[in-house]
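Participant: Pasting a structure here, questions to come.
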Amino acid sequence: MKVLNKRIFRGLKAGWLRYLCLFLLMVLMISVTSGFLVASDSIAKLNDELKDKGKVEDGQITSAYPLSDEAISAMEALDIEVQSMANSNIKLTKNKTLRVYSNRKDINKPTINSGRLPSKPDEIAVNRLYAYNNNIKLGEYINLDGEYFVDGASRKLTVVGLVSLPDYNSAFSKNTDLIFNAINFGIGIISEDLSKELSPAKLHYQTSYRFLDRSLDDNETKDLNKKILKAAGKDGTVMGYIFKKDNNGINYVKNDMGGDRPMMITLMCLMILLIAFMFGVTIAGKVKEESEIIGILLANGYRKNELLRSYIAAPLIVTFSAAMVGNLIGYTLYVKTFSDIYYTSFDFPNFKAFFNLEALVITTVLPISIILVFNWFFIRNKLKHSPLAFMRKDFNTGLKVSKYSKMPGSFINSFRSRVFMANRGDYLIIVIGVLIISVLFNFGLSAEPTFDNYSKELSKNLISKYQYVLKAPVPASNSSDAEAEEYTIAAGNVYHKLRKSDEDVSLIGIKDKSKYLKDLKLPDRDDEVIISKNMAAKFRFEKGDKVKLKSNILDKSRTYKIVGTYDSSASFALFTRQSFVNKFINKDESFFNGYYADKKLDINENFVATIIDESTVTDVAEQINVSVGPIIDAFVLVAMVFLIAFMYVLTRIITDKNRLQIAYLKVFGYRAGEINKIYMMPATITLIATLILEIPLIQYLTKELTYFSTLKFSGYFTMVTPPGVIIKAISISLGIYALVYLIQMRRISRMSFSEALKNRE
């Protein structure tokens, strides 16, 4: 066994460059995955800390006027803490809004990232991310228009603090918004003295509450929320409410992070499996090269398991070393990189990394296990021959030489075909590896056009130029509002099997002969619906399927039969007759809570839950690009580095396995260019054929990757890959391969045939 142990390190030394490339590939994947997992876990802990220390609300109630002392006393009698959160949405520019609150004392308390909280009427603190996105720094000024104050005078406030708020770590202006917008919407905290000067006409009255008993289960929480609503409703001024579990400003980040981890771990496993293939091919070539020695060792009493362990030791040593170095780099370098990505989308306390044992196990035990299991079976298969077969180099695989040794054409063509067939396993790995890497290229390069198309689809498929969702039925008072069409909308959830969570959808009741949905044929039965095309695509529903709609507000559910799809709606919607929806939500036939209109309506904003128009959906695409753009760029960069190392290692393996044949060709007078045609041209042909012939498969796999990676978003993204993206992806791959080709050409030209032949018998 001592002899075999010496051979392990001798083999590592002899193939140091090849093993170094594989080592660097694994370091890259492990460090990226480790950094991401540690960053996401640390941020999850900081997010919990933000909510715990900030005493995040368990619910909020909005009302037309401040709740009376009687209503607040009735609420507090239910063993809860209550605090007024009156606020004003102040327009800073046409597109930018700052929601201003007074200093919070007991609930939703801010965490200070830098500076301090305001104590004077001429001071303000803003949420960190809005300040970052709009280049606002401590000591600078923010001007607030006088229309938002009682005296009509404008205010010039000094920014004294940057904060994170537990109820707004995702910047949702309205809970019904499609996605947060941290670019155009922010939160401001002002002193109590200044808050008293805000104009009552511009105030939105919000009352937040928090349970004193923190051990309530889901059913107890649900019952208590109902009692709180009943107590608050004594005044008759309640206009809406949001429970903590439904508040996107509080929960969105947690749901968002939940979808990233499995995707990153899966990507790492795919890449490690590819590296395992490369280790296997390397060792297979070594087994073939050392076959006489293996035969002698077996004949002298060494067991195949001992040889197996000696050959598998090198990959395990490289993998273990890569895991250690990768985790070190991940903790020191990539943790900051990935935390910065999250900090450009959400508000958290200042970052600090926490040790993550789970990440260490995933990025150490998992790669070692994949390399061990795969190569154990792969190498074991290569060692199945008898000692005599090894000494004779008799590795008959069942493929007769005559089938490919006599090819029509020149000697070079015949030799090249023989090389191709002799190394077909290596070329198969090139096909698989290039396929995986091309999918990553395609995914990364298609991201921007896909998100842009999503924005265009949302704009193009708006049912009307303005879609109003009301808090209560309010008549449109302006004479120009005659074109407005009433509809009824009910919020609900449908369970997504792949996402394993509920997706927000809308049940929309439409009037007969709607002028805005002219080509929509409404179902005649109240248990039938037509669904939007995007909902059908995301849930993978087909005509005739059943869909179960749950309403948490009404505490009821109903199963509908899908009788068709509607192509002109980008939202997740179930369409039926208005009377059927009104019946479902226990309202009379004349009830409505929304308008479709092509002109802006004159409706008191206190009664408007949300307005969906072209600017709203444009903001969605802009924010998505900001949120996921850096991660997509990382995908492309990793794919490029991986392709360079992958092609270099495999082409080197092929040339190393054929060193003797290359030496013979040099002895017979063949030039380096001719030898390159024999040994490098098959790899070139394989790469080009893979890139071109697998375009349909690459497109399909990219489409599936896009589908699964965007499941967490409240929308459906149709993958868009313009011809320019395909050409760009192929060009990058060919450019990288050209670099590898030149390196291998130089290497072949410098090979010494005397060195290769001197040890031959």
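Participant: Along the charge dipole of the chain, Cβ charges K/R +1 and D/E -1, which of Gly139, Thr721, Asn593 sits furthest on the positive end?
Facilitator: Thr721
Participant: Rounded to the nearest 20 Debye, what is the dipole magnitude of the stretch 466-611 about its Cα centre when Lys and Arg each give +1 and Asp and Glu each give -1 at the C-beta?
Facilitator: With Lys and Arg at +1 and Asp and Glu at -1, about 700 debye.
Participant: Summing +1 for each Lys or Arg and -1 for each Asp or Glu, what net charge is found among the other residues whose Cβ lies under 15 Å from the Cβ of Leu372?
Facilitator: In short, +2.
Participant: Using Cα pairs under 8 angstrom and six or more residues apart, how large is the relative contact order of the chain, in percent?
Facilitator: Normalised by residue count, the contact order of the chain is 17 percent.
Participant: So, one more: With a point put 7 Å past each Cα toward its Cβ, work out how far Lys304 is from Val361 in nm, to one decimal.
Facilitator: Label at Lys304, label at Val361, 3.5 nm between them.
Participant: Please compute the contact order of the stretch 54-252 in relative form: average sequence separation of alpha-carbon pairs under 8 Å and at least six residues apart, divided by the residue count, as a percent.
Facilitator: Across the stretch 54-252, relative contact order equals 38 percent.
Participant: Which pairs in the list Lys51/Lys96; Lys465/Lys561; Lys91/Lys471; Lys6/Lys657; Lys96/Lys471; Lys120/Lys230 are over 28 Å apart, alpha-carbon to alpha-carbon?
Facilitator: Lys465/Lys561; Lys120/Lys230, as the Cα separations exceed 28 Å there.
Participant: For the pair Lys336 and Lys728, how long in nm is the line joining their label points, each one 7 Å along Cα→Cβ?
Facilitator: Label at Lys336, label at Lys728, 2.9 nm between them.
Participant: By average Cβ neighbour count within 10 Å, what is the ranking of 58-66, 303-311 from highest down?
Facilitator: The densest-packed peptide leads the list: 58-66, 303-311.
Participant: I would also like to ask the following. Relative contact order of the stretch 466-611: what whole-number percent is it, with Cα pairs under 8 angstrom and at least 6 residues apart?
Facilitator: Contact order relative to length: 42 percent.
Participant: On to the next question. Let me know the charge dipole size of the chain about its Cα centre in debye, to the nearest 20, where only the beta-carbon of Lys, Arg (+1) and Asp, Glu (-1) is charged.
Facilitator: 5260 debye
Participant: At 222 nm, what value in deg cm²/dmol follows for the chain if DSSP H runs of at least 4 each add -39500 (n - 2.57) and the sum is divided by all its residues, to the nearest 500?
Facilitator: It comes out at -17000 deg cm²/dmol, rounded to the nearest 500.
Participant: At what distance in nm do the modelled label points of Ile692 and Arg558 sit from each other, each positioned 7 Å from its Cα along Cα→Cβ?
Facilitator: Spacing of the two 7 Å Cα→Cβ label points: 5.8 nm.
Participant: Return the subset of Lys55/Lys712; Lys156/Lys202; Lys174/Lys703; Lys105/Lys712; Lys513/Lys546 for which the Cα-Cα distance in this structure is over 23 Å, preserving the input order.
Facilitator: Exceeds cut-off: Lys55/Lys712; Lys174/Lys703; Lys105/Lys712; Lys513/Lys546.
Participant: Considering only the chain, what is the antiparallel percent among its DSSP beta bridges, to the nearest 5?
Facilitator: If I count the DSSP bridges inside the chain, around 75 percent turn out antiparallel.
Participant: Another one. Rounded to the nearest 5, what % of DSSP beta bridges with both residues in the stretch 54-252 are antiparallel?
Facilitator: Taking every DSSP beta bridge within the stretch 54-252, about 75 percent pair in antiparallel fashion.
Participant: What FRET efficiency comes out for Asp633 versus Phe708 if R0 is 22 angstrom and r is the Cβ-Cβ distance? Round to the nearest 0.05.
Facilitator: That pair, Asp633 with Phe708, gives E of 0.65.
Participant: Of the beta bridges DSSP finds with both residues in the stretch 466-611, what % are antiparallel, to the nearest 5?
Facilitator: So the antiparallel bridges amount to about 75 percent of the total.
Participant: May I pose another question? For the chain, return all DSSP H helices satisfying: extent of Cα atoms along own axis at least 15 Å; mean Kyte-Doolittle hydropathy at least 0.5.
Facilitator: 16-53, 248-289, 304-329, 357-382, 411-422, 424-460, 614-657, 681-693, 723-749
Participant: While we're here: Per residue of the stretch 162-175, in order, report the coupling 6.51 cos²θ - 1.76 cosθ + 1.60 (Karplus, θ = phi - 60°) as ³J(HN,Hα) in whole Hz, putting x for Gly and Pro.
Facilitator: Whole-Hz 3J(HN,Hα) from phi for the stretch 162-175: 10, 10, 10, 10, x, 9, 9, 6, 10, 7, 8, 5, 10, 5.
Participant: Considering amide H positions built from the backbone, and no H for Pro or chain starts, which residues 5 or more places from Ser173, or on another chain, come under 5 Å of its amide H?
Facilitator: Distant-sequence amide H within range of Ser173: Asn181.
Any read-out appearing in this document is the output of simple, stated calculations on the displayed coordinates, not a laboratory observation. Only a predicted model underlies this, so the values are computations on that prediction, with no experimental measurement involved. Every residue, glycine among them, receives a Cβ derived from its backbone with ideal geometry; neighbour counts consider all protein chains shown.
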